[in-house]
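Colleague: Shown below is the structure under consideration.
Rule-based calculations on the coordinates, nothing more; no lab input. All values derive from a computational prediction rather than experimental measurement. Here Cβ is always computed from backbone atoms with ideal geometry, including for glycine, and neighbour counts include all displayed protein chains.
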Amino acid sequence: MTRIKDALSELRNTIIVIELFTNLLNAVLIFLALVFFSSLLKINTLYSLVVSVVFFVVYSAIRISNFNYYYIEQKFPHLSDELRAAADNMDESNWLVEVLHLDVITKLKLVIVSRFLDFKNIIYKMFAISVVSISVILIAYSGVSLPDFHLVLPKIIELPKLAIGALGGGEAAIIRGEGNESIYGNRSIAYLKPVEIKININQVSSETDPAKTSKAEQKDFKSGSPEDIQASPDASYEEDIPKENRKIVKNYFDELSR
Amino acid sequence: MRSVAEVKKKVDYLLSEVEKVVVGQQEMIKQVIIALLTNSNVLVEGYPGLAKTMTVKTIGSLMDLKFSRIQGTPDLMPSDITGTYIIEDRSGKREFKFQPGPLFANIVLMDEINRATPKTQSALLEAMQEKQVTVGNSTFKLDEPFFVLATQNPIEQEGTYPLPEAQQDRFLFKVKISYPTNEEEYNIVERFTTGSTIPHLRPVIRKEELVDLQDLVRKVPISNDLKKEVIRIINNTRNKKDLIEYGASPRASIGLVLAAKARALIEGRSFVNKDDIEKMAYPILRHRIILSFEAEKNNMTTDDVIKLVLK
């Protein structure tokens with residue numbers, strides 16, 4: 001009886017290891033796919049790792065708990081119904097069950113572990129992992145990302161209005177505005193939300209190519225200031241702005257900051 | 001017997017010995033043997049002259065079992081089959097002595113059970129179920145093994161008392177036998193018209209061996225998945241309301257598992273497989289389901305419906 005228990009236990013463990021390997025490949029593929037989309041949408045990569053780890057753990061647990069010898073019998077028809085009968089009657093002790101156990105142990109020697117590996121599927125997954133990995137590296141190198149839609153959307157909505165304004169009143173009409181629009185412009189554009197903005201410098205994307213650097217060139221510099229530099233009053237200081245507009249200019253930034 | 005091959009060899013030899021007397025009807029003979037191994041009873045439906053009596057009588061002699069035959073008639077009383085007390089005069093003293101009836105045998109053939117009155121049918125069915133007979137205040141245990149093969153004629157239904165479904169449920173199998181093929185009928189004619197005698201048969205399996213085999217059948221391993229499959233099949237008979245008016249009872253589940261185990265053993269296997277379940281489902285369910293009007297309207301037979309239930 002111990003022999004059949006050991007044999008079935010070994011078989012079960014082998015199948016579980018193969019199952020875990022297959023799930024690991026799936027988890028890696030899911031992780032890389034999520035990293036791909038995270039890079040495009042500027043989302044933290046940690047979420048991708050968490051999702052793929054959760055997937056691996058949960059899916060593996062489900063597959064292991066649903067383990068059934070029927071899966072092995074499907075691959076090896078000569079064990080059909082016999083393997084499950086042996087496994088379900090391991091604690092019975094009569095000569096019929098002993099004969100069955102001996103028969104199963106003999107037939108288990110014909111079980112080839114490689115038959116449980118779907119090589120075609122594994123190759124496809126490896127290929128997909130390679131493709132997605134290269135895509136992720138390319139995105140990271142080029143710094144490509146999808147635009148922030150919540151900022152682009154109002155501009156898209158205003159496009160027809162701008163087009164109509166351009167056709168109707170020209171530039172002055174756009175500047176004058178209509179209705180209750182303030183002379184200082186649309187308040188929402190100037191309003192910055194009290195949100196901390198994190199600016200990440202993309203270290204991969206750089207215009208500096210270390211391979212092309214060289215020593216600084218030796219140059220002669222003239223002493224003193226250049227001859228063509230001279231101070232002169234700016235034209236804007238002598239500009240004659242009408243009195244009614246001076247207040248607008250003076251209070252422009254105050255109005256914006258309100 | 002300590003190997004499955006030995007059991008198979010014994011059963012094959014038994015079948016070959018039966019073949020010396022009975023031509024054809026292989027399936028009926030196999031099912032009778034399976035019923036014997038499961039310590040159950042069989043209801044055979046077939047036209048007269050199809051070797052039902054001869055089969056049972058031959059199996060009885062090959063297994064060294066006491067055989068008795070009861071002809072079902074409308075005037076058959078329960079005491080005619082169970083036995084009765086008679087007054088015996090012993091050395092001047094009169095006393096009641098129990099005279100056992102034909103039920104006190106190992107194999108009982110009840111011909112045309114549907115011709116016997118319900119009261120007599122009940123007496124037989126009590127013996128089948130309880131393996132005992134009650135006469136007056138006394139109960140008499142029947143000898144082990146005890147097997148009843150009851151027959152029914154599908155024609156000539158006038159003046160009969162059809163077995164109610166609840167009583168039919170006590171039979172493990174309902175076997176339908178048909179006419180022999182042309183080749184088989186030729187052999188029958190050749191054998192029984194040329195003056196050759198029926199060979200003398202010697203017992204192949206002793207009574208004690210049969211009891212051991214009956215114990216062994218219950219020990220044949222079956223997987224839990226197949227037991228669930230059996231329950232699924234029986235449940236299907238209760239759920240298919242469009243085709244089946246009344247489905248099978250849990251007795252059918254027990255019978256199907258036991259019959260599958262017996263079949264596995266006589267086929268030389270130490271485990272039950274799906275094929276055993278599917279093959280045994282037909283004789284197990286045939287008499288346990290009642291077809292709906294819809295099924296009968298579409299000219300479906302019980303076997304057709306069982307085929308759908310097995311899917």
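Colleague: Please state the relative contact order of the stretch B:220-311 as a whole percent: Cα pairs under 8 Å, 6+ residues apart?
Modeller: It comes to 35 percent, rounded to a whole number.
Colleague: Another question, then. What number, in percent, do you get for the relative contact order of the stretch A:2-142 if the mean sequence gap of Cα pairs under 8 Å and at least 6 apart is divided by its residue count? It would help to have the intermediate numbers written out before the result.
Modeller: Values: 90 pairs, mean separation 52.7, N = 141.
About 37 percent, as a whole number.
Colleague: Moving to a separate point now. Take the alpha carbon atoms of the stretch A:2-142, find their radius of gyration, then divide it by 2.2 N^0.38 Å using N residues; give the quotient.
Modeller: On the way: Rg = 20.7 Å, N = 141, 2.2 N^0.38 = 14.4 Å.
Relative to the 2.2 N^0.38 Å estimate, the stretch A:2-142 comes out at 1.44.
Colleague: If you place +1 on the Cβ of every Lys and Arg, -1 on the Cβ of every Asp and Glu, and leave all else neutral, what size is the dipole of the protein assembly as shown about its Cα centre, to the nearest 20 Debye?
Modeller: Roughly 1240 debye, rounded to the nearest 20.
Colleague: Pop out the ³J(HN,Hα) list for the stretch B:224-229 in order, Karplus 6.51 cos²θ - 1.76 cosθ + 1.60 with θ = phi - 60°, rounded to Hz; leave Gly and Pro as x.
Modeller: Once rounded to whole Hz, the list reads 5, 4, 6, 5, 5, 5.
Colleague: Taking the convex hull of the Cα atoms, report for the stretch B:136-230 its projected area averaged over all directions, in nm².
Modeller: Values: hull surface 52.3 nm².
So the Cα hull casts an average projection of 13.1 nm².
Colleague: Compute, for the stretch B:118-201, the length of the dipole vector about the Cα centre, with Cβ point charges of +1 (Lys, Arg) and -1 (Asp, Glu) only. Units Debye, rounded to 20.
Modeller: 280 debye
Colleague: D for the protein assembly as shown, whole µm²/s, Stokes-Einstein with Kirkwood Rh over alpha-carbon pairs at 4 °C and 1.567 mPa s: what number?
Modeller: After rounding, the answer is 39 µm²/s.
Colleague: Using 1/(1 + (r/R0)^6) with R0 = 25 angstrom and r between the beta carbons of B:ARG232 and A:PHE67, what's the FRET efficiency to the nearest 0.05?
Modeller: Computed FRET efficiency for B:ARG232 and A:PHE67: 0.75.
Colleague: OK, next. Using the charge dipole of the stretch A:2-142 (Lys, Arg: +1 at Cβ; Asp, Glu: -1 at Cβ; taken about the Cα centre), state which of A:ILE72, A:THR45, A:HIS101 has its Cα farthest towards the positive end.
Modeller: Checked the options; the winner is A:THR45.
Colleague: What's the magnitude of the charge dipole for the stretch B:1-97 around its Cα centre, counting Lys and Arg as +1 and Asp and Glu as -1 at the beta-carbon? Answer in Debye, nearest 20.
Modeller: 320 debye
Colleague: Related question: Counting alpha carbon pairs within less than 8 Å and at least 6 residues apart, what relative contact order, in whole percent, applies to chain B?
Modeller: In percent, rounded to a whole number, it is 22.
Colleague: Where does the Debye-calculated log10 I(q)/I(0) of the stretch B:1-219 sit at q = 0.07, 0.08 Å⁻¹, using only Cα point scatterers of equal weight, no solvent?
Modeller: Rounded to two decimals, the profile gives -0.25, -0.32.
Colleague: Just round it to a whole percent: the fraction of Cα-Cα distances in the stretch B:220-311 exceeding 15 Å.
Modeller: 55 percent
Colleague: Kindly state, to the nearest 0.05, the FRET efficiency for B:THR53 paired with A:LEU20, given R0 = 56 Å and r defined as their beta-carbon distance.
Modeller: 0.30
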